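Right, one structure below, let's go through it.
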Amino acid sequence: MTSAYVLIAAVLVLGGLLAVLGDRIGTKVGKARLRLFNLRPKNTAIVVTVMTGTVIAASTLGILFASSKSLRQGVFRLDDILRELRVAEADLHHISLEKGQVEAELNRVSEEKQMVERGLIVIQERYESTQEQAAELGDEVQELREQRERLVRQQKELLRQREELLEQIPQLQGQVRERDRTIQERNQRLAEQNRVLREREQRFQELARQQDRLQEEISERDGRIQDLDEAIAERDQTLQNRESTLLELGRQLSFLQGAVSGLEEDYQRLRVGSVVLARGEVLSFGVVRILDPNAAQDAVDQLLRQANRRAIEATRPGQNEPISERVVLITEAQVQQLINQIKDGRDYVIRILSAGNYIAEEPFVRVFADVVLNQEIFAPDQVVATVSVEPDTMSDQELTERLDTLIAATQFRARRTGIVGDIQIEDGDIKKFTDFVDQMLRSGQSYNELRAVTVDSTYTAGPLKIKLVALKNGAVVFST
């Protein structure tokens, strides 16, 4: 019993140490955000915890099997013990049947003995009667004597058989006692084995309860570790957001400082002369698709040459001879950033814009590049802008102003959605536009709405081709 207590204490201490070790390992793995088998850090911590639990269970079973021979035999020889128990029960049942047969044979012999004794009594009575009638029944004496002799012989035979049976009874009784003793010993062994099995089942149940408690503690610790990991991740994300905000504010501050400097320069220029290039004016633009990364530099240089030519034309009015000098200024970092942005093989719209207001005879013009992805902005037959009209109550001038409002709204939405190309009605034929205005003013048809509808798919580079449509309650009345 003392060894059992020592074994249980050793298992508990070892389980506690392994649980603490597994908790430390899981905590370090979770904090280090390690990855095993390309798993996420959270899943890696779970795998480490599962492996630790497996080590706890394996070490517990190993200690139990190594230190307890009875437990090892009970686990691995349980089927043999149960099979021996079933054989013993079958032998006991067979012996019980043989015992019943022997008892039945003894009962039969006893009944025969009683019958013989009753026969002897009857013979004795008949013998006495024969003695009394001997004088009168002389002829019958001999017959009776013969009958008596036969009966005596039968009695002797019966007595001999009785003696044989009596001689067999102690032997049978000894066999029965021996079998009873064997059965009793087997019953005692079975009772002892059942007691051992019950004790082992109780120990197994206790170990299972201890394992469940350890698993619950491990699960609780895993939950606390996960909560701490989430809190750490949230704090890291907050710090990253704050750092990103600080960087963005720094960039905005630098940009605003540059803008202030540019405004001061523009103010000085405005004081001394007229502006020939306005801030944000497009000097050149184009749509490029760079399939070969080495071709990105050539595309950017071509756009800068176009912008340089436009800047020379604006700042050198009346200059007839070609000028080969470089007027536009852009930083190498901006050019390299532009090249890295457009060399992924997609369509981009690039615009070279004036960075400030410039007057005639300016020696240099600072520019910057604007890059947007050339993607579909409007689908075919998509409504871009809509205005309501009342031809019956409006004058021609008011109707024309409403049409101008529709075109202005179309231009505003096009610029707001990022279209940098021109806006044209149909294929740019002015006659279609004038015909639409005449029909709108002179046809006398009833309509209450004017719409600008795209002709085909429109991309960032433009142009935005629209058709003008007059409608009455959603139905088309006439169009360009």
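The values are calculated or read from the model by the stated rules, or taken from the named source; none is laboratory data. None of the values given here were measured: they were computed from a predicted structure. Cβ: placed from backbone, ideal geometry, glycine included. Neighbour counts: every protein chain shown. Surface areas here come from the heavy atoms of the whole protein model, side chains and all, with no ligands, DNA or RNA. Shrake-Rupley method; radii C 1.70, N 1.55, O 1.52, S 1.80 Å.
Residue by residue, here is whether (1) modelled with pLDDT of 80 or more; (2) more than 17 Å from Leu353 (Cβ to Cβ) holds:
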| residue | (1), (2) |
| --- | --- |
| Asp292 | yes, yes |
| Ala296 | yes, yes |
| Arg309 | yes, no |
| Pro317 | no, yes |
| Asn320 | no, yes |
| Val328 | yes, no |
| Val335 | yes, no |
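Filter the range 331-341 for residues that are open to solvent by less than 30 Å² (accessible area, probe 1.4 Å) and among the β-branched types (Val, Ile, Thr) and give the result.
Correct list: Val335, Ile339.
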Six or more apart or on different chains, Cβ under 8 Å: which pairs go from a residue in the range 292-308 that's assigned to a helix (DSSP H, G or I) to one that's at pLDDT below 90 and exposed (fewer than 14 other Cβ atoms within 10 Å of the Cβ)? Could you list them?
Asn308/Arg326
Restrict the check to the range 417-436 and report whether at least one residue is touching a Phe, Trp or Tyr at 6+ places or on another chain (Cβ under 6 Å) and either farther than 25 Å from Ala314 by Cβ or not in a loop (DSSP other than H, G, I, E, B) (or both).
yes
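Applying the selection to the range 165-186, what residues are more than 17 Å from Glu98 (Cβ to Cβ) and at pLDDT 75 or above? Quick ask: steps written out before the conclusion?
In the first step, residues of the range 165-186 are kept if they are more than 17 Å from Glu98 (Cβ to Cβ); the result is 165-167, 185.
Residue satisfying the conditions is Glu185 alone.
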Here the residues within the range 342-352 that are assigned to a strand (DSSP E or B) and surrounded by 18 or more Cβ atoms within 10 Å (Cβ to Cβ) are Tyr348, Val349, Ile350, Arg351, Ile352
Qualifying position, being surrounded by 12 or more Cβ atoms within 10 Å (Cβ to Cβ) and within 54 Å of the chain's Cα centre (by Cα), among Arg416, Arg451
Arg451
Criterion first (farther than 25 Å from Ala231 by Cα, open to solvent by less than 50 Å² (accessible area, probe 1.4 Å) and without any contact (Cβ under 8 Å) to a residue 24 or more places away in the chain) does Gly53 satisfy it?
no
Screening Ser479, Ser443 for residues that are hydroxyl-bearing (Ser, Thr, Tyr), at pLDDT below 85 and surrounded by 13 or more Cβ atoms within 10 Å (Cβ to Cβ) leaves only Ser443
Inside the range 361-395, can you point out the residues that are farther than 25 Å from Glu426 by Cα and open to solvent by less than 40 Å² (accessible area, probe 1.4 Å)?
Glu362, Val365, Val367, Ala369, Val371
Which condition number in (1) modelled with pLDDT of 85 or more; (2) crowded, with 19+ Cβ neighbours inside 10 Å is the one that Ala409 fails?
(2)
Go over the candidates Glu128, Glu89, Glu84 one by one and state the one that is part of a helix (DSSP H, G or I) and under 30 Å from Leu159 (Cβ atoms).
Glu128
Does Arg402 meet the test of being assigned to a helix (DSSP H, G or I) and either at pLDDT below 85 or over 57 Å from the mean Cα position of the chain (by Cα) (or both)?
yes
Verdict on Asp370 being within 47 Å of the chain's Cα centre (by Cα), within 25 Å of Glu281 (Cβ to Cβ), at pLDDT 85 or above and not in a loop (DSSP other than H, G, I, E, B):
yes
